[in-house]
Amino acid sequence: MQCPTTGFRRFGAGLCSTGIVVSALWLALGCDLACGDSSNQGHPDGSVDSAVSGEDASRRDAWIPPADPFGPRIFYSDLLGGPTAGGQDDKGAFVTLYGRGFGDSQETSTVTVGGGSVAGYPIWTDVKLTFQLGPEAQTGEIVVHVPDKEPSNPLFLSVRQGRIFFVSLAGDDGNDGSYEHPWRDLASAKRLLQPGDILYAMDGVTATAGDGPGTALCISQFYGCEAQAGTAEFPIALVSYPGARVTVGCMESECPSNGVRIYAPHWTVAGLSIVGSGNTYAAAVSLDHTTTDRQAQS
């Protein structure tokens, strides 16, 4: 007999644990039945010498853990608003949700925004999913629907106007920044953004050279950084493309001290891997303490 899931460990009195928390569900069912009583000699693979027989064995072999009775839960999203058109395939902004209970794959699960269906799901895991808004999304509540479970808690999203741009290693700064013709340099691209714009950085994009004083990527109207401020109604967003690995900053001593410096109001920075150098007083993210309405997620 083995503990119920790979990676569980056996403790005294037949308790099974991941090594972090004891599984309350298995305790309620009687872990001595599932994993063997502590008086039995266990083997490294989790098996024991003595066997459970009769009715107890039938219960053990037939038992299947029940589905989570609770519905999915949304913790937060990278964006709080965006357009339903433009960008890739003219289907609007990508929005990423973080939470739990979404399910390991989408299958027949769905997301609605303001009661309307979304256009597609490039990422779907139990704790993170990404969807593209599409033409049916409306201003209102984001809700995740998983079969045989209660709908998720709602999270408000505003459908608004705005442009969508892309930066890619295959791009060129002379392009128009569209999905088909992306820009190349992240620091140069952020200088072109206006209120309401979203910039998606594709896989492998980096920003490690100096952009403003002591910073790999400087989001400020000052210090020669040339980034515009967003507004409360139309923030500016710099986000990694779904599934992309985007790195800002580096750790070598010759690198800029700060990864990202955000001094402009109403900016959202999400999904980036941000690194500060090994220099004294270095920081991965530097924020202007006089402005409190920015979002920074990595």
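Scoring G174 on the criteria (1) of a type in the set (G, A, S); (2) closer than 20 Å to E233 by Cα; (3) out of contact with any Gly (no Cβ under 7 Å at 6 or more places or on another chain) leaves a single failure, condition (2). Scanning the range 229-244 for residues being in a loop (DSSP other than H, G, I, E, B) and polar (S, T, N, Q) gives a total of 1. Within the range 212-228, the set of residues being at negative phi and in a loop (DSSP other than H, G, I, E, B) comprises P213, S220, Q221, F222, C225, A227, Q228.
Sort out which residues of the range 161-202 are assigned to a loop (DSSP other than H, G, I, E, B), charged (D, E, K, R) and open to solvent by less than 30 Å² (accessible area, probe 1.4 Å), and write them in order of number. Passing the criteria: only D197.
Considering (1) farther than 15 Å from L199 by Cα; (2) in contact with a strand residue (DSSP E or B) (Cβ under 6 Å, 6 or more places away or on another chain); (3) open to solvent by less than 50 Å² (accessible area, probe 1.4 Å); (4) not basic (K, R), say which one G103 fails and leave the rest. Every condition holds for G103 apart from (2).
Residues are listed down the side, and each one gets a yes or a no for (1) at pLDDT below 90; (2) basic (K, R); (3) open to solvent by less than 10 Å² (accessible area, probe 1.4 Å):
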| position | (1), (2), (3) |
| --- | --- |
| T206 | no, no, no |
| G214 | yes, no, no |
| R245 | no, yes, no |
| R261 | yes, yes, no |
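Somewhere in the range 136-153, is a residue among the hydroxyl-bearing types (S, T, Y) and surrounded by fewer than 16 Cβ atoms within 10 Å (Cβ to Cβ)? Yes: the range 136-153 contains one or more residues that are among the hydroxyl-bearing types (S, T, Y) and surrounded by fewer than 16 Cβ atoms within 10 Å (Cβ to Cβ).
The values are calculated or read from the model by the stated rules, or taken from the named source; none is laboratory data. None of these values were measured; they are calculated from a predicted model. With ideal geometry, Cβ positions are generated from the backbone for all residues, glycine too; neighbour counts draw on all protein chains shown. Keep in mind that these areas ignore ligands, DNA and RNA; they rest on the heavy atoms of the full protein, side chains included. Shrake-Rupley method; radii C 1.70, N 1.55, O 1.52, S 1.80 Å.
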